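What follows is a short report on a single structure.
FYI, it's all coordinate maths here, none of it is from the lab. Computed from a prediction, not measured in an experiment: that's the story for all the values here. Note: ideal-geometry Cβ built from the backbone for every residue, glycine included; neighbour counts use all protein chains shown.
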Amino acid sequence: MTPRVTHLLTERGESSVMNTMTTVDQPLIERIFTKARTAHGFLKRPVDDRLLHEIYEIMKWGPTAANSCPMRIVFVRDGEAKKRLISCLHPDNVQQTTEVPVTAIIGFHTRFYEWIPRLMPAKPELIDDFAGPEKEAIAQAAAFRNSALQGAYFMLAARAVGLDCGPMSAFDPVKLNAEFFPDGEIEVNFLCNLGYGNPGIVLPRAPRFDFEEVCKFA
Ligand SMILES: Cc1cc2nc3c(=O)[nH]c(=O)nc-3n(C[C@H](O)[C@H](O)[C@H](O)COP(=O)(O)O)c2cc1C
């Protein structure tokens, strides 16, 4: 019998009192966590725009502070945009990004809080936690934190729909921001190559900490 993980989910759009017990099956856990590998090489297999929409439609439900959803994505496929992207990369990331069908630039909107009244209609006043020059550092930290979370939801959603991810932070963020976000409203967090991983180019699995090493009860 397939081992199953019990998990509490809420139906989309329903209140918490409508919670229902459901299950996540082991093959999905394997696909997005235990057997998934970071891709460093990609097959010549295209990724349809519809799949990118599907990933967004899944990951957008991941939680963020004040439901602020600060992440913004630019997808880069080819042509001039790809050349400009590659010019920003650390040399070690050039080959994998040259062959990948699409790279997601995961960024955040620096004035993400302006959308809080729309995105958090129950508490529109939460905009005041972030708006104003004296809150700039708080807003920047929140934008970075929550867009990183959304970037993680993005990668797990991509894996769930069958793609492989190659996240990258080795690039020049100042140059990349100037190339792709010249008005300064959006800033890059990290990059994520997306495609079908080349099974011939998988690094040996590196270890992870055991529970006892990094978790404790206070
Ligand atoms: C935010 C982030 C940045 C990363 N930056 C790079 C990078 O610049 N270049 C690269 O080749 N791998 C990069 N990696 C890949 C990691 O080294 C890799 O995900 C990790 O070693 C786990 O590998 P595994 O999923 O195969 O177990 C990055 C991963 C993350 C999540």
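A few notes on this one:
- Residues of the range 158-171 classified as in a helix (DSSP H, G or I) and either within 12 Å of the ligand (Cβ to nearest atom) or surrounded by 21 or more Cβ atoms within 10 Å (Cβ to Cβ) (or both), total: 2
- In the range 61-110, residue surrounded by the fewest Cβ atoms within 10 Å (Cβ to Cβ) [restricted to those that are in contact with an Asp or Glu (Cβ under 7 Å, 6 or more places away or on another chain) and in a loop (DSSP other than H, G, I, E, B)]: Thr110
- Of all residues in the range 180-191, those satisfying the criterion of being farther than 15 Å from His90 by Cβ and buried (at least 17 other Cβ atoms within 10 Å of the Cβ) are Phe180, Phe181, Ile186, Glu187, Asn189.
- The set of residues in the range 90-107 being free of Cβ contacts under 8 Å to residues at least 60 places away in the same chain and within 11 Å of the ligand (Cβ to nearest atom) consists of Pro91, Val94, Gln95.
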